[in-house]
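> Take a look at this one; I'll ask things after.
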Amino acid sequence: MMMPKRTKFRKQQRGMIRGVATSCNQVEFGDFGLQSLEPGWIAAKTIEAGRVACSRAAPEAKLWIRVFPHKPVSKKPAETRMGVGKGDVDHWTVVVKPGTVLFEMGGVPEHVAKKAFARIAHKMPVKVRMISKRSV
C-alpha cells in the first residue's frame, strides 16, 4: 500500500476541498487519462485496487499513477468513550479536486484503454471520465 516514507507531522485535520485542479489536469505521459469530475478522498488501497484491475484488463499497457496519498486519516477504536484525544492513523488518502488526472495509460489502442479505465472507474469513490492527449 502506498504511504509516505516520513512526514513532518503524524496527524492532519480534515480540511476542505475547494476549487478545481490547476495542475495535474492534463495528460502528460501517456495517450489516455482518467480524470476526476468531483472532489473527494481516495484511499491508498483504492488506488492499488485500480492499478491491479488495470494491469489485468490491459497487461501490455504502460500505466502511470498520477496521485499519491499524503493525507493521514485517523480513526478511534470501536466502543471508545468520547474525548481522550485524536485517534491513531488508520489509513492514507489522496485529496482529489475536480479535473485531477488520476491514472494515465499508453501503448494501447483506445478501445483497450476504455475497457481498462472502465474497470478502474467502478472502484473509484468519485465520478471519473476518460480523456485523451491533446494533439498540438
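The values are calculated or read from the model by the stated rules, or taken from the named source; none is laboratory data. What you are looking at is a predicted structure, and each value in this text was computed from that prediction instead of being measured. Glycine also receives a Cβ, built like all others from the backbone with ideal geometry; neighbour counts cover every protein chain displayed.
> For MET2, are the conditions met, namely being within 20 Å of MET124 (Cα to Cα), surrounded by fewer than 13 Cβ atoms within 10 Å (Cβ to Cβ) and either at pLDDT 95 or above or touching a helix residue (DSSP H, G or I) at 6+ places or on another chain (Cβ under 7 Å) (or both)? Can you show your working first?
On the way: within 20 Å of MET124 (Cα to Cα): yes; surrounded by fewer than 13 Cβ atoms within 10 Å (Cβ to Cβ): no; either at pLDDT 95 or above or touching a helix residue (DSSP H, G or I) at 6+ places or on another chain (Cβ under 7 Å) (or both): yes.
No.
> Pull up the range 95-107, narrow it to residues that are surrounded by fewer than 21 Cβ atoms within 10 Å (Cβ to Cβ) and either modelled with pLDDT of 95 or more or closer than 11 Å to GLY33 by Cα (or both), then point me to the one that is nearest to the chain's Cα centre (by Cα).
Across the range 95-107, the extreme among qualifying residues is VAL95.
> Can you pull out the residues in the range 27-45 that are touching a helix residue (DSSP H, G or I) at 6+ places or on another chain (Cβ under 8 Å) and surrounded by 20 or more Cβ atoms within 10 Å (Cβ to Cβ)?
At the first step, the residues of the range 27-45 found to be touching a helix residue (DSSP H, G or I) at 6+ places or on another chain (Cβ under 8 Å) are 31-32, 34.
Correct list: PHE32, LEU34.
> Would you confirm whether any residue within the range 31-47 is hydrophobic (A, V, I, L, M, F, W, C) and more than 21 Å from MET1 (Cα to Cα)?
Taking the range 31-47 first, the residues hydrophobic (A, V, I, L, M, F, W, C) are 32, 34, 37, 41-44, 47.
Narrowing the set further to residues that are more than 21 Å from MET1 (Cα to Cα) leaves 32, 37.
Looking through the range 31-47, at least one residue is hydrophobic (A, V, I, L, M, F, W, C) and more than 21 Å from MET1 (Cα to Cα).
> Right, next: List the strands (runs of 3 or more DSSP E) that sit entirely inside the range 1-107 and contain at least 1 residues that are over 24 Å from SER132 (Cβ atoms), touching a residue at least 12 places away in the same chain (Cβ under 8 Å) and among the aromatic types (Phe, Trp, Tyr).
Qualifying strands (runs of 3 or more DSSP E): 40-43, 88-96.
> Here's a follow-up. For the structure I just gave you, tell me whether PRO125 is surrounded by fewer than 17 Cβ atoms within 10 Å (Cβ to Cβ) and on the phi < 0 side of the Ramachandran plot.
yes
> Filter the range 63-88 for residues that are within 17 Å of the chain's Cα centre (by Cα) and basic (Lys, Arg) and give the result.
Scanning the range 63-88 gives ARG66, LYS71.
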